[in-house]
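First up is the structure itself, then whatever we jot down about it.
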Amino acid sequence: QVQLVESGGGLVQAGGSLRLSCAVSRSTFSTDVFGWYRQAPGKQRELVAHMRSGGSPDYGDSVKGRFTISRDSAKNTVYLQMNSLKPEDTAVYYCRVWALTYDYWGQGTQVTVSS
């Protein structure tokens, strides 16, 4: 079973930055798609960013220009750099690695942005 462990969440003031990390318990497969999702209280889980191995990233409209997804294949780690944070970015952030035949999620990390 593949495990994903997120870290880096916390409390930050509006306008600040955080970098989330997602440690994946196996090496990258060429079929992997990596992504970050978030879920705020009372709302549905939504896509933040995702990228395919060797591909270009895609971002949700609400985070374009502020968040950046990246991957360090040597460390089997996926990152989400979050800049210019807003109170509406407050949510639990989840890492995901998936393809047609598998779909793995992390346990989530809380990000709280104060105004």
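The values are calculated or read from the model by the stated rules, or taken from the named source; none is laboratory data. As the structure is a prediction and not an experimental result, all values here were calculated from the model. Quick note on the areas: whole protein, heavy atoms, side chains included, nothing else; ligands and nucleic acids left out. Shrake-Rupley method; radii C 1.70, N 1.55, O 1.52, S 1.80 Å.
Bridgeable lysines around K86 (alpha carbons under 28 Å apart, same-chain partners fewer than 8 residues away excluded): K43, K64.
Could you give me the percent of Cα pairs per 10 Å distance bin for the range 15-115, shortest bin first, beginning at zero and ending with the bin that holds the maximum distance? That works out to 15, 52, 28, 5, 0, in percent per bin. Ranked by solvent-accessible area (1.4 Å probe, protein heavy atoms only, all chains present), the residues E46, E6, E88 order from largest to smallest as E88, E46, E6.
The share of Cα pairs per 10 Å bin across the range 1-59, counted from zero up to the longest distance, runs 17, 44, 32, 7 percent.
DSSP finds beta bridges in the chain, and of those with both partners inside it, around 90 percent are antiparallel.
Annotation: extensible slack from N76 through V5 equals 24.5 nm (criterion: 0.36 nm per residue apart, minus Cα-Cα distance). With a 1.4 Å probe rolled over the protein heavy atoms of all chains, the accessible area of W98, W36, W105 falls in the order W105, W98, W36, largest first.
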